[in-house]
1. Which whole-number percentage describes the relative contact order of the range 64-105, with Cα contacts under 8 Å and a sequence gap of 6 or more?
2. How would you classify the range 64-105 from its alpha-carbon gyration tensor, with a ≥ b ≥ c the square roots of the eigenvalues: rounded for a/c under 1.5, else prolate if a/b is greater than b/c, otherwise oblate?
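No value in this document is a laboratory result; all are computed from the given coordinates. Bear in mind that the values here come from a model prediction, so they are computed numbers and not experimental data.
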Amino acid sequence: MTFMVEHLVRLLAVCMVLGFGLLPDARGLQCDICDRSRCPARDCPGGEVLDACLCCHVCARVVNQTCGGKFDIHGRCADGLVCRIAPAVGTPVSEDHVGICKQGT
């Protein structure tokens, strides 16, 4: 009986380890306390947008620049542009995909 219990405990441990490896990444964006006095001045051809932490202004992406990704880590497009994501055929779109800023239609 003890052998059976040990075997079940080991099997359960293996299943838990494998199961946790399949869970989506639950980590979120970690932002420091916003101190706008520390935000650098910008001169941006496409205007400014707030950074991922919604604290400092950063340059908006312009036509043909990368954009998107988790928490818009690759940037946000300027007004009038959209971030177009084109994954390979058959690949589902996820928040990690990187796009390209294009004219909005």
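1. 49 percent
2. oblate
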